[in-house]
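What follows is a set of notes on a single structure, which appears directly below.
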Amino acid sequence: MAGIDGYWLVALIAVTWLGTATLWGTVRRVPKTKRGKVGFAVAITAEPGTKSVIRSDFVLALRKHLEASPPATSFQLIEVPDYAAAKLFTRDDADRLRRKIRAHFVILGRVRRRLLKGEEHDILDIIGLVAHAPLSSDRAERLSREFSELLPSRYQMKVADSFPAIEFTASWAGLIAQYIIGLAAAMSGALDYAEALFVEVRDRLSVRDQGFLFYTKVQQRIPKHLSEIAFVRARESLKHWYETKEEVDLRELERQLEEAVHKGFEGNGWPNLNAVVSFSRTRNTSRARSHLARNAMPFGT
């Protein structure tokens, strides 16, 4: 009887240990990106002996930014816990984490506290990583290059008033993520989603400090991307009209060309489309040639 009681006691201990270990593993496990979501992982740690609220403030501000953007509802924010973030030091470490949790973005940050000019400062060094599939290697490289270019690698802020700086940094990281995903979506043919993201970023930038160099770069690039999206749509409309020769399809192409003029879209392809529409409407070859001649002119002439 005592042997049986001892058996059950051992079994109970084993089950309890297994349950505890399973619960502990679940609590410590870094969540994976859900299907259909854009994973955005944040792994920020402070050097030993430094108590910093930068990670929690960064995640809070980034979550607030993404939740306020309708096109960004597809983003899933993943906060990497301290025990895992403490093991991440390099771009290769960040890439291994990205693959493991199927994230599209990883922000890897290290916080150091230093005394500068008599005041305590937190210095946040950032490594940003982006990947999006399925894209060709050259397009993936372009995304990575733009993300690295537009996301500053170091921020320096006074400890006494660090929250506004962190809120700004997180908001900017969110904007850049939306911009990069907009690029990836456009490359993948998801034009409506790409356009929504670009418009959202453009509108948010319009109310911010115009003197910030990174803002200026994005502001200059978004009109070009919107023009490219519009041109792809117009080209598809032309292809459809060639197949159907329906008046409604020609009118849709005309509408797109008028919208391109109204929004100031530029590019050598637009005069070609205008020439096709002009000739189809009037059979006026001289007018069609005048549109084609614009391909040899500088933009804006």
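The values are calculated or read from the model by the stated rules, or taken from the named source; none is laboratory data. These numbers were taken from a predicted model, which means no experiment stands behind them. For neighbour counting, all protein chains shown are included, and Cβ atoms are generated from backbone atoms with ideal geometry for every residue, glycine included.
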Of all residues in segment 101-130, which are out of contact with any strand residue (DSSP E or B) (no Cβ under 7 Å at 6 or more places or on another chain) and without any contact (Cβ under 8 Å) to a residue 24 or more places away in the chain?
Leu115, Lys117, Gly118
When segment 226-250 is checked residue by residue, the ones that are touching a residue at least 24 places away in the same chain (Cβ under 8 Å) and either polar (S, T, N, Q) or touching a Leu at 6+ places or on another chain (Cβ under 7 Å) (or both) are Ser227, Ile229, Val232, Arg233, Ala234, Leu238
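Within segment 148-199, restricting attention to residues that are of a type in the set (D, E, K, R) and free of Cβ contacts under 8 Å to residues at least 60 places away in the same chain, which residue is farthest from Ser137 (Cα to Cα)?
In the first step, residues of segment 148-199 are kept if they are of a type in the set (D, E, K, R); the result is 149, 154, 158, 161, 167, 192, 195.
Next cut, free of Cβ contacts under 8 Å to residues at least 60 places away in the same chain only: 154, 158, 161, 192, 195.
Details: Arg154: 28, Lys158: 41, Asp161: 42, Asp192: 24, Glu195: 23 Å.
The residue in question is Asp161.
Within segment 203-216, can one find any residue that is acidic (Asp, Glu), in contact with a helix residue (DSSP H, G or I) (Cβ under 9 Å, 6 or more places away or on another chain) and either modelled with pLDDT of 75 or more or surrounded by 12 or more Cβ atoms within 10 Å (Cβ to Cβ) (or both)?
Taking segment 203-216 first, the residues acidic (Asp, Glu) are 203, 209.
Then drop every residue that is not in contact with a helix residue (DSSP H, G or I) (Cβ under 9 Å, 6 or more places away or on another chain), which leaves 209.
Next cut, either modelled with pLDDT of 75 or more or surrounded by 12 or more Cβ atoms within 10 Å (Cβ to Cβ) (or both) only: none.
Looking through segment 203-216, none of the residues is acidic (Asp, Glu), in contact with a helix residue (DSSP H, G or I) (Cβ under 9 Å, 6 or more places away or on another chain) and either modelled with pLDDT of 75 or more or surrounded by 12 or more Cβ atoms within 10 Å (Cβ to Cβ) (or both).
Within segment 122-132, identify whether any single residue is of a type outside the set (Lys, Arg), part of a helix (DSSP H, G or I), under 21 Å from the mean Cα position of the chain (by Cα) and at pLDDT 90 or above, and answer yes or no. Don't jump to the end; show me each part of the working.
In the first step, residues of segment 122-132 are kept if they are of a type outside the set (Lys, Arg); the result is 122-132.
Applying the additional criterion that residues be part of a helix (DSSP H, G or I) yields none.
No.
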Look through segment 132-151, keep the residues that are touching a strand residue (DSSP E or B) at 6+ places or on another chain (Cβ under 8 Å) and buried (at least 18 other Cβ atoms within 10 Å of the Cβ), and return whichever of them is nearest to Ile44 (Cα to Cα).
Leu151
Can Gly189 be described as loosely packed, with under 13 Cβ neighbours inside 10 Å, at pLDDT 75 or above and small (Gly, Ala, Ser)?
yes
